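J.: Provided herewith is a single structure, encoded as structure tokens, for subsequent inquiry.
Quick note: the coordinates plus some simple rules give every number you see, no bench work behind them. Values in this document were obtained by computation on a predicted structure and should not be read as measured data. Cβ sites come from the backbone with ideal geometry, for glycine too, and all protein chains shown count toward neighbours.
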Amino acid sequence: MQNTWIFVGIFAAIAGVFPLLPIVAARFLAPSKPNTIKLDTYECGMETVGDTWVQFKVQYYIYALVFLIFDLEVAFLFPWAVAFDMLPLFAVVEGIIFILILGGGLLYAWRKGALEWS
Amino acid sequence: MTVEQGIFLFIGFVILFSAFMMVTRSNLIHAALYLVLVLFGVAVLFVLLDAGFLAVVQIIVYIGAIAILMIFAVMLTRGNVTGEAISMNSVFGWGLLLCSLFGFALIIMLGQWPGAAALAPALPANWNEVSELGVALVSPQGYVIPFEVASVLLLAALIGAIVVARPPQKDE
Amino acid sequence: MSFWQDPIAVIGQLILDLLHSLNLPEGWIVFIYTLISVVAVASFGLLLVIFLIWLERKVAARFQDRVGPNRAGPFGLLQTFADMVKLVTKEDVVPEKADKLIFNLAPILSLIAVLLIWAVVPFAPGWIGTDLNVGVLYIAAVGSFGILSVLMAGWSSNNKYALLGAFRAVAQLISYEVPMLLTMMIPVLLARGMGMVQMVTVQDTWFIFLAPAAGIIFLVSSIAEIGRTPFDLLEAESELVAGYHTEYTGMKFGMFFAAEFLHAFTVGVLFAILFLGGWRGPGAEEIPILGMFYLMIKGFLGYFVVMWVRSTLPRIRIDHMMAFNWKFLTPVALALLILTALLDKIFAGTALRLPALLGANLVVLALGYWISTLMSRRQAKERTKFKKRPVAKPA
């Protein structure tokens, strides 16, 4: 295991403990007088109608899909960018072709109106 | 037992536990969050294997994108999925039998594989896995064809997703 | 090396000597030493929040021609402490229908996600939590936990406003992550590495001169990532009450609040590291404490721009925001990446590298702006095709 990651592991644990402290402190310091109305769902003074589980638009899903594709592209390109000094020009061009192919995907999504928030 | 082995055992337990919880929850969002825990555990395993790059990519792609996509997909479903959905059906017994057989066979096969007992060779000094990967991805001796095919595959996935998911337009 | 030049190195050596004198095994020494440095970095981040909240309130007040907090302590400096006492003693209401465990985990996770970034921030030469060789991607990875915490908070509240706010927020966050990741790749390309220390040490010329357009896009998409005005649709209070943290009260709301402020400043610091040379400045190599000073000044510069934008611009409509991201920022970022890679390879090591990259950046920015104004004009023309509605005219 790399020593550099031990720091991250301990940091994650400590970063979890720090926000916990004031929340636990609040448990002892803060008053607690629950009642039915207070514990009800907040809805600007009205009673909630129906279920919270509303069906969402497919638009959210399409954005997430396009994001996933570009996320993967970035994951492939970062090593290419790091190894830049060791690459000849044609290897750089290969990376650029990779970007262009996915740029075509963006263009397709654009022309098909998948990026429209309707 | 070294610290590394201790961490491995702990993470292995977390992964198995979360995987079990994930398939048994009837609440789909809970299942998705347990899946996130499994994926995070796998990222920690990558760190233990000295593959920091794979670990961060695992988190960015799987937790940052795929888990979010799944939660979005769950929210696309109509109606109350949080209720008592049944996660077992009549062929549950057969499934369990097949899975245990497969798992058993896998354990036996891995037990015979000499690599399972061998220690990983130490990495050379100044080893930078990211630039090695970068060179391998675009060099003709390496993986340049899979690399470019991957981009075409991603393009196909994007087009397919848009064709399937996009609601029909009025003017077409 | 005297204490005033490099206090961290001196104190670190003192602690190491102390640990060695206790005759502990080597593993424990490493563990305790790491633990102490972790606590130091994490507490620095949290103490910074207290100051940042005061600063932001003061600056926002000045933009609105007010005085801002001025009662508690000199210049109102103790205002944040008073607010903290108030938040701790507020009742912590957990709605009955909420999913308790996830509801309680979400605020903690959102602060963890921001704090973890500080593990790789190089404060000064030798002052860094840990120099991961995948530093820049690590920052992006940690950011995905922030997105997850928003979803967890919105869903577990079991409130329509919270859920709708969370979904809008996540759609915005993942969309703007694309140009952010792409423009983060440009400094990586110029530095030939992802490590944060390397990123700073190679910036003999600041990357803002080699990639000004990338710097601007990074800052804009980062503002969207922290959900500040004009991209504050995730908590558009006139539409969604308070967005995904509608149901949160007391200290748990405080966690979201602190995470947002710390994230805003972190964005400034990241901008400073990626584009403004980090701790680089006259004399910083010899006197590390000066480097810390430079980094903070540069970080506050970025933070000030964020505050300035927040005080100046109105909130933009959600369809405009998405169009701005996918139809302007992302294509421009892609074009910049291609041009930077090509030109940097051709002109590497020659004197033409700086002017070529700078010129390409400016041309791309100008072209992008020109095309987008052309398109918006065409759209405006299409809009005016509608028949004029009869309106009452003043007599």
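J.: Which chymotrypsin sites (Phe, Trp or Tyr not before Pro) in the stretch C:294-395 pass both tests, a DSSP loop state and at most 13 other beta-carbon atoms within 10 Å?
T.: C:F386
J.: Here is a follow-up. As a test of understanding, state the convex hull volume per residue of the stretch C:1-150 from its alpha carbons, in Å³.
T.: Residue-normalised Cα hull volume stands at 220 Å³.
J.: What FRET efficiency comes out for the pair C:S43/C:H20, r = Cβ-Cβ distance, R0 = 25 Å, nearest 0.05? Write down the numbers at each step before the final one.
T.: Values: r = 25 Å, r/R0 = 0.98.
After rounding, the FRET efficiency stands at 0.50.
J.: Which one, C:L115, C:A72, C:P125, is farthest towards the positive end of the dipole of the stretch C:58-146 when Lys and Arg carry +1 and Asp and Glu -1 on their Cβ?
T.: C:A72
J.: Give me the one-decimal nm value for the distance between modelled label points at C:A60 and B:N27, 7 Å along each residue's Cα-to-Cβ direction.
T.: If labels sit at C:A60 and B:N27, their model points lie 3.3 nm apart.
J.: How many percent of all Cα-Cα pairs in the protein assembly as shown sit more than 40 Å apart?
T.: Values: 78808 of 234270 pairs.
So the portion of pairs separated by more than 40 Å is 34 percent.
J.: Roughly how big is chain C's charge dipole about its Cα centre, with Cβ charges of +1 (Lys, Arg) and -1 (Asp, Glu), in debye to the nearest 20? Display every interim value, and only then the final one.
T.: Details: 31 positive and 25 negative charges, 483 e Å.
That gives a dipole near 2320 debye.
J.: Quick one: Karplus J couplings for the stretch C:312-318, per residue in order, coefficients 6.51, -1.76, 1.60, θ = phi - 60°, nearest Hz, x for Gly and Pro?
T.: 9, 8, x, 5, 9, 6, 5
J.: Take the Cβ-Cβ distance between C:W28 and A:W117 as r, set R0 to 51 Å, and report the resulting FRET efficiency rounded to the nearest 0.05.
T.: Approximately 0.35, to the nearest 0.05.
J.: Along the charge dipole of the protein assembly as shown, which of A:V8, C:L148, C:L334 sits closest to the positive end, that is, farthest toward it, with unit charges on the beta carbon of Lys, Arg, Asp and Glu (+1, +1, -1, -1)?
T.: With unit charges placed on the Cβ atoms, the residue in question is C:L334.
J.: Right, another one. Note down the Stokes-Einstein diffusion coefficient of the stretch C:110-188 in µm²/s, whole number, using a Kirkwood radius over alpha carbon pairs, 20 °C, and 1.002 mPa s.
T.: Working: Rh = 14.0 Å.
Diffusion coefficient, whole number: 153 µm²/s.
J.: Return an integer: the convex hull volume of the alpha-carbon atoms of the stretch B:1-94, in Å³ per residue.
T.: Enclosed volume per residue, from the Cα hull, is 114 Å³.
J.: Continuing with this model, one more query. For the stretch C:272-316, list residues with backbone N below 20 Å from a point placed 7 Å from the Cα of C:Q13 toward its Cβ?
T.: C:284-292
J.: Which whole-number percent is the relative contact order of the stretch C:93-373 (Cα, under 8 Å, 6+ apart)?
T.: 24
J.: Per residue of C:44-50, count partner chain C-beta atoms within 10 Å of its C-beta, then hand back the mean as an integer.
T.: Other-chain Cβ atoms within 10 Å of each residue's Cβ, averaged: 1.
J.: Which value, in Å to one decimal place, does the Kirkwood hydrodynamic radius take for chain B when every pair of different Cα atoms is included? Show your work: numbers first, answer last.
T.: Working: mean 1/r = 0.0491 Å⁻¹.
For chain B, inverting the mean 1/r across all distinct Cα pairs yields 20.3 Å.
J.: Let me have the 222 nm mean residue ellipticity of chain C computed from DSSP H runs of 4+ only, each contributing -39500 (n - 2.57), with the sum over all residues rounded to the nearest 500.
T.: Values: 15 runs with 268 residues, N = 395.
Taking each H run of at least 4 residues, the total per residue is -23000 deg cm²/dmol.
J.: Another question, if that's okay. Of A:K57/C:K327; C:K58/C:K86; C:K86/C:K298; A:K33/C:K160, which ones are farther than 27 Å apart at the Cα?
T.: C:K86/C:K298
J.: Explain nothing, just compute: Karplus ³J(HN,Hα) = 6.51 cos²θ - 1.76 cosθ + 1.60, θ = phi - 60°, for every residue of the stretch B:10-15 in order, whole Hz, x for Gly and Pro.
T.: Going residue by residue, I get 4, 5, x, 5, 4, 5 Hz, with x marking Gly and Pro.
J.: How far apart, in nm, are the 7 Å Cα→Cβ label points at B:V42 and C:E91?
T.: Using points 7 Å along Cα→Cβ, the separation is 4.6 nm.
J.: Given a Förster distance of 60 angstrom, what is the FRET efficiency for B:L49 paired with C:R317, based on the Cβ-Cβ distance and rounded to 0.05? Intermediate results must be reported in sequence, preceding the final value.
T.: Details: r = 47 Å, r/R0 = 0.78.
Plugging the Cβ-Cβ distance into 1/(1 + (r/R0)^6) gives 0.80.
J.: Here is a follow-up. For the stretch B:18-31, just list the computed ³J(HN,Hα) in residue order, Karplus coefficients 6.51, -1.76 and 1.60, θ = phi - 60°, integers in Hz, with x standing in for Gly and Pro.
T.: Residue by residue, the stretch B:18-31 yields 5, 5, 5, 4, 4, 7, 9, 5, 8, 7, 5, 5, 4, 4 Hz.
J.: I need the per residue convex hull volume for the stretch C:294-345, using only the alpha carbons, in cubic angstrom as a whole number.
T.: Cα-based convex hull of the stretch C:294-345, divided per residue, equals 100 Å³.
J.: Using alpha-carbon positions, what is the distance between the centroids of the stretch C:273-288 and the stretch A:83-118, in Å?
T.: So the two Cα centres are separated by 34 Å.
J.: Here's a follow-up. Send over the Kirkwood Rh of the stretch C:1-89, from the inverse of the averaged 1/r over different Cα pairs, rounded to one decimal Å.
T.: 16.3
J.: Counting only Cα, what are the radius of gyration and maximum Cα-Cα distance Dmax of the stretch C:149-272, in Å?
T.: 16.9, 52
J.: Might you report the magnitude of the Cβ-based charge dipole of chain B about its Cα centre, with Lys and Arg at +1 and Asp and Glu at -1, to the nearest 20 debye?
T.: My answer is approximately 480 debye.
J.: Here's something else I'd like to know. Taking chain C, how much of its Cα-Cα pair set, in percent, is spaced more than 38 angstrom apart?
T.: 28
J.: Put +1 on the Cβ of every Lys and Arg and -1 on every Asp and Glu Cβ in chain B; which of B:V38, B:F53, B:Q5 then has its Cα farthest towards the positive end of the dipole?
T.: The one lying farthest along the dipole's positive direction is B:V38.
J.: Would you tell me the mean number of C-beta atoms belonging to other protein chains that fall within 10 Å of each C-beta in B:138-147, as a whole number?
T.: 4
J.: If you line up the Cα atoms of the stretch B:128-172 on their principal axes, what length do they span on each, largest first, in Å?
T.: 52, 19, 12
J.: Find the centroid of the Cα atoms in the stretch B:25-46 and in the stretch C:22-93, then give the distance between the two in whole Å.
T.: 33
J.: Another question about this same structure. When B:S26, C:S149, B:S139 are ordered from fewest to most other Cβ atoms inside 10 Å of their Cβ, what list results?
T.: Going from least to most buried by this count: B:S26, B:S139, C:S149.
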